[in-house]
Amino acid sequence: MAEVAGTTVAEVMAELAALEDPKARAVNERHGDDHGVNLGQLRALAKRLKTQQELAGELWATGDTAARLLALLICRPKAFERAELDVMLREARIPKVHDWLVNYVVKKHPHAEALRVAWFADADPVVASAGWALTTERVAKRPEGLDLVALLDVIEARMRDAPQRLQWAMNHCLAQIGIEHAEHRARAIGIGERLEVLKDYPTPPNCTSPFAPIWITEMVRRQQEQ
């Protein structure tokens, strides 16, 4: 194994194996995440290792979920080529790995917008969900240039029958449009009410339902109280 800043992949993998907790694995597997490392301990390990781009690449190459999550915490997002990120996203079928790759790496990359556009139109629904996640980020923070009416049209036509990961991403975008853009709020709520996506999703106490009409109404209420 190549050594980077005094740390080898073998050493890190051994440390991850020592952190494996069967109870944590059981909880994670219910969400589709096949690892048993407590995320707090994983973040502590990342903090100790600090940024190591070469080690991050080697950890990613193992294919191990915990190793890939750690890689995403210690990498330099801007050091990746655009094509590398496309390959990584297509490999990232585990939900947590997919989410961290999009949120911790792609969003910080100079080619995030180009990747958003490419992934948004991808035939693979998991890849497309990343495009929708990046679009939701723009809806909230940089909506200039986005056609929100056209986004609502697509959501209205496709969300009900979309595969789960893509459906979640579309629903988040729908909610964000309703929360952040008052002129589209009534339509966003109306779409949510008609499609009934996630209407019956079990929501823990003190958490907001992902059902868009409830989510939009609650977040707007909180904003108005501030």
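The values are calculated or read from the model by the stated rules, or taken from the named source; none is laboratory data. From a predicted model like this one, the values you see are computed outputs, not experimental measurements. Cβ: placed from backbone, ideal geometry, glycine included. Neighbour counts: every protein chain shown. Side chains are part of the model used for accessible areas, which takes the heavy atoms of the whole protein and leaves out ligands, DNA and RNA. Shrake-Rupley method; radii C 1.70, N 1.55, O 1.52, S 1.80 Å.
Could we say that LEU55 is free of Cβ contacts under 8 Å to residues at least 40 places away in the same chain and surrounded by 15 or more Cβ atoms within 10 Å (Cβ to Cβ) here? Walk me through how you get there before you give the answer.
Working: free of Cβ contacts under 8 Å to residues at least 40 places away in the same chain: no; surrounded by 15 or more Cβ atoms within 10 Å (Cβ to Cβ): yes.
Against the criterion (free of Cβ contacts under 8 Å to residues at least 40 places away in the same chain and surrounded by 15 or more Cβ atoms within 10 Å (Cβ to Cβ)), LEU55 does not qualify.
Return yes or no: is LEU89 in contact with a His (Cβ under 8 Å, 6 or more places away or on another chain), closer than 21 Å to ALA130 by Cβ and surrounded by 12 or more Cβ atoms within 10 Å (Cβ to Cβ)?
Numbers: in contact with a His (Cβ under 8 Å, 6 or more places away or on another chain): yes; closer than 21 Å to ALA130 by Cβ: yes; surrounded by 12 or more Cβ atoms within 10 Å (Cβ to Cβ): yes.
The answer is yes for LEU89.
When LEU59 is evaluated against the numbered criteria (1) more than 29 Å from PRO125 (Cβ to Cβ); (2) more than 19 Å from the chain's Cα centre (by Cα); (3) modelled with pLDDT of 95 or more, which criterion, by number, is the only one it fails?
(1)
One residue is enough: does the stretch 110-131 have a residue meeting the conditions open to solvent by 10 Å² or more (accessible area, probe 1.4 Å) and touching a Ser or Thr at 6+ places or on another chain (Cβ under 7 Å)?
Yes, the stretch 110-131 contains a residue that is open to solvent by 10 Å² or more (accessible area, probe 1.4 Å) and touching a Ser or Thr at 6+ places or on another chain (Cβ under 7 Å).
Name, by its number, the condition in (1) in a helix (DSSP H, G or I); (2) closer than 20 Å to VAL154 by Cα that does not hold for LEU198.
Only one criterion is unmet by LEU198, namely (1).
Just give me the residues in the stretch 198-216 being over 19 Å from the mean Cα position of the chain (by Cα) and surrounded by 15 or more Cβ atoms within 10 Å (Cβ to Cβ), in sequence order.
Matches in the stretch 198-216: PRO213, ILE214, ILE216.
Among the residues of the stretch 138-157, how many are open to solvent by 30 Å² or more (accessible area, probe 1.4 Å), in a helix (DSSP H, G or I) and within 25 Å of GLU196 (Cα to Cα)?
Looking only at that region, the number is 7.
Restricting attention to the stretch 158-178, report how many residues are open to solvent by less than 10 Å² (accessible area, probe 1.4 Å) and closer than 19 Å to THR208 by Cα.
Keep residues of the stretch 158-178 that are open to solvent by less than 10 Å² (accessible area, probe 1.4 Å), which gives 159, 170-171, 173-175, 177-178.
Restricting the remaining residues to those that are closer than 19 Å to THR208 by Cα gives 170-171, 173-175, 177-178.
Summing the residues that are open to solvent by less than 10 Å² (accessible area, probe 1.4 Å) and closer than 19 Å to THR208 by Cα in the stretch 158-178 gives 7.
Would you please name the residue that is modelled with the highest pLDDT, looking only at residues in the stretch 13-52 that are open to solvent by less than 30 Å² (accessible area, probe 1.4 Å) and assigned to a loop (DSSP other than H, G, I, E, B)?
Once the filter is applied, the top-ranked residue is GLN52.
Residue by residue through the stretch 1-12, note down the ones that are open to solvent by 70 Å² or more (accessible area, probe 1.4 Å) and at pLDDT below 95. Step through it out loud before you land on a result.
Initially, the stretch 1-12 is screened for residues open to solvent by 70 Å² or more (accessible area, probe 1.4 Å), giving 1, 3, 5, 11.
Across the stretch 1-12, the qualifying residues are MET1, GLU3, ALA5.
Among the numbered criteria (1) loosely packed, with under 14 Cβ neighbours inside 10 Å; (2) within 20 Å of the chain's Cα centre (by Cα), which one does THR135 miss?
For THR135, the failing item is (1).
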